[in-house]
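Encoded as structure tokens, the structure appears first; notes follow it.
Read-outs: derived from the displayed coordinates by stated rules, not from any lab. Given the structure is predicted, the values throughout are model-derived calculations rather than measurements. Virtual Cβ from ideal backbone geometry, glycine too; neighbours counted across all protein chains shown.
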Amino acid sequence: MKSLTLLLVLIFLLSPSSEAAITCSDVIGNLRPCISYLTSGSGKPPSPCCAGVSTLSTSATTTADKQTACNCIKNASKNLNVNTALAQALPSNCGVSLPFTVSPTVDCSKIT
């Protein structure tokens, strides 16, 4: 009985968590197809860009994930000199809803 209990405890401890936190590399990877559009594009975003925005939207489910995604996007937008109007319109232009405004001044800590 002790060995069965020990085995069950080990399986529980070694099994992957069902709620993996999103990382900045995930966020940047999803949004990489949007970079040229956000820095020098116009009109509708390319479909690979919208696919990445959609993936990000469905991946960031917890408050921590949403805040992480927000901070990653906020920092990247400062470094890439993106067109703010295109960045703010990107979710709606892709038919996706994000729980925050894409902006270098957004307060990501207020996202719930």
>> Largest first, please: the extent of the C-alpha atoms of segment 43-91 along each principal axis, to the nearest Å.
In response: 31, 24, 14
> Where q = 0.14, 0.24, 0.35 Å⁻¹, what log10 of I(q)/I(0) comes from the Debye formula for segment 70-112, counting one point per Cα?
Replying inline: -0.29, -0.83, -1.28
> Relative to a virtual label point 7 Å from the Cα of residue 89 in the Cα→beta-carbon direction, which members of segment 48-63 show backbone nitrogen distances below 16 Å?
Replying inline: 50
> What does segment 11-112 give for Rg and for Dmax, in Å, if only its C-alpha atoms count?
Replying inline: 14.1, 52
> Taking the Cβ-Cβ separation of residue 32 and residue 105 as r and a Förster radius of 22 Å, what is the calculated FRET efficiency to the nearest 0.05?
Replying inline: 0.40
>> Going 7 Å from the Cα of residue 63 along its beta-carbon direction, which residues of segment 98-112 have the amide nitrogen within less than 14 Å of the resulting point?
In response: 108-112
> Of the peptides 45-58, 79-92, how do they stack up when ordered by the mean number of other Cβ atoms within 10 Å, highest first?
Replying inline: 45-58, 79-92
> Please state the Cα pair-distance histogram of segment 23-65 with 10 angstrom bins from zero: what percent is in each bin?
Replying inline: 30, 49, 19, 1
